[in-house]
Each structure stands twice: as structure tokens, then as C-alpha cells.
1. Taking the stretch 1-27 as the search range and keeping residues that are among the small types (Gly, Ala, Ser) and assigned to a loop (DSSP other than H, G, I, E, B), which one is surrounded by the fewest Cβ atoms within 10 Å (Cβ to Cβ)?
2. Condition first: of a type in the set (Lys, Arg) and more than 18 Å from residue 119 (Cα to Cα). Now tell me which residues in the stretch 1-27 satisfy that.
3. Restricting to the stretch 104-120, count the residues that are of a type in the set (Lys, Arg) and within 17 Å of residue 178 (Cβ to Cβ).
4. Among (1) at pLDDT 95 or above; (2) surrounded by 13 or more Cβ atoms within 10 Å (Cβ to Cβ); (3) not small (Gly, Ala, Ser), which single condition is residue 184 missing?
5. Would you call residue 68 loosely packed, with under 12 Cβ neighbours inside 10 Å, in a loop (DSSP other than H, G, I, E, B) and not β-branched (Val, Ile, Thr)?
6. Could you grab me the full set of residues in the stretch 182-202 that are in contact with a Lys or Arg (Cβ under 9 Å, 6 or more places away or on another chain), outside any helix (DSSP H, G or I) and not hydroxyl-bearing (Ser, Thr, Tyr)?
7. So for the stretch 86-95 (the condition being outside any loop (DSSP other than H, G, I, E, B) and touching a residue at least 24 places away in the same chain (Cβ under 8 Å)), does at least one residue qualify?
8. Would you pick out the residues in the stretch 6-42 that are within 19 Å of the chain's Cα centre (by Cα) and aliphatic (A, V, I, L, M)?
Amino acid sequence: MDLQIHNSKETIAVSDAVFGLEYKESLIHQLVIAYQAGGRAGTVAQKNRSAVSGGGAKPWRQKGTGRARAGTSRGPLWRSGGATFAAQPRDYTQKLNKKMYRAGLRSILSELNRQQRLLVVEDITVDAPKTKQMAVKLADMGVSKTLIVTETGDESLYLSARNLPHVEITDVAGMNPVNLLRYDHVVVTVGAVRAIEDALGDAVTEETK
């Protein structure tokens, strides 16, 4: 299949296995949930009764005081006691194999292309890291809430776009299901398209062996 280069009569040939697949909603849902779960810190921690310092001695004898029996002063009912069902650090990551992840990315890219939300440009550069230059370029392309994917990282582009709301710059390695779906448009350079095909197209070959 061919992709039209934005504001040009030229097209580039791309693989149907990367940009021409059907949209698999259940897979994409699983992909996004797993990606977001992997970003959770899971570092919350509270002390239970065994982790609170002190409380080793029995507060008073078992019988004869008229008070309820107690074996420690660090139980949940006591001041400075441990928490009931104390939260502990945990790992929220979900298992998602590489084949599913790559298939999900191919499905997302295909759906973006089908909805005409994927814009291919020859290249996108700025003379200097100026926000105004980037804003003008995006206005010329007719996009605003946009993810821009380049073949490799470009510091000038990043500095030019960081003060623009709803605009993100990433390279092919930093592309993920969440940022692909978050924006109204995804602007991809020709070099990035080839890099995506190299990364995901080779995966198709490996998965079919």
C-alpha cells in the first residue's frame, strides 16, 4: 500500500502488514491497561503491628486489673500502633509478550492511517529551538493536538514544542500505545516510517517462522 506525503503529490510504499491491518479492540485495550499498569510506582508502604517499634512487653498482667487483656501496645487499636491491613510495596506490571505488543502497535498504526489521523512528512526541522517556529509549522499542517515521531531524537524539536499544549515529540523507540492513541493526529517523518517498518516488519517475519 501507499501513504500520501502531506502537502505533496508524492507517495511512499509501505508494508500492509504494518499499516494495513484490522483494528483489534480487545488487544489494544489489554495493551493500554498493561502499559499504564507498568508505570505505577507501587511504592506505598505502611507499618503493620510487627513493623512498629516497641510494644515488646505485655502492658499489664493478664488478670486482676479490671481492664481488657492486652499482649502488646502496638496493636491497631492503640495510639502509635500499626495499621490494620497495612499497604505494602507491590509490583503492578502485567505480563504481555512481545508478539502481542508488536501486533497491538501495528493495529494502532493501521487504524490511525484508516482514520486519516496519520500524517507523513518528508522531514520536520526548526532553525532554532523556538516555540513560535514550531507553532507555525503545526498551523501550516492544520494540526494542533499532535504527536510528532522522528527517526531519532531531536533536541531542537523537543525544546521548540515543550511549551506548546497537547504537543509531544518522540522518536521511534519512545513510541508507545498510550501516546499514539492520546492525540488527534500523529505526524511521522519518512525516516521514522522506515524505522517503524524495520522494527515491526522484522517482527512479523520472526513471528511467522
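The values are calculated or read from the model by the stated rules, or taken from the named source; none is laboratory data. Given the structure is predicted, the values throughout are model-derived calculations rather than measurements. We place every Cβ from the backbone using ideal geometry, glycine too, and count neighbours over all the protein chains shown.
1. Just the residues of the stretch 1-27 that are among the small types (Gly, Ala, Ser), to begin with: 8, 13, 15, 17, 20, 26.
Filter again for assigned to a loop (DSSP other than H, G, I, E, B), leaving 8, 15, 20.
Working: 8: 10, 15: 16, 20: 14.
Per the stated criteria, the residue is 8.
2. 24
3. Number of matching residues: 2.
4. Failing condition for residue 184: (2).
5. Taking the combined requirement at face value, the residue satisfies it.
6. If the condition is that a residue be in contact with a Lys or Arg (Cβ under 9 Å, 6 or more places away or on another chain), outside any helix (DSSP H, G or I) and not hydroxyl-bearing (Ser, Thr, Tyr), then 184, 185, 186 are the ones that fit.
7. So the first thing to find is which residues in the stretch 86-95 are outside any loop (DSSP other than H, G, I, E, B), and the list is none.
Within the stretch 86-95 (the criterion being outside any loop (DSSP other than H, G, I, E, B) and touching a residue at least 24 places away in the same chain (Cβ under 8 Å)), the answer is no, since none of the residues qualifies.
8. Correct list: 27, 28, 31, 32, 33, 34, 37, 41.
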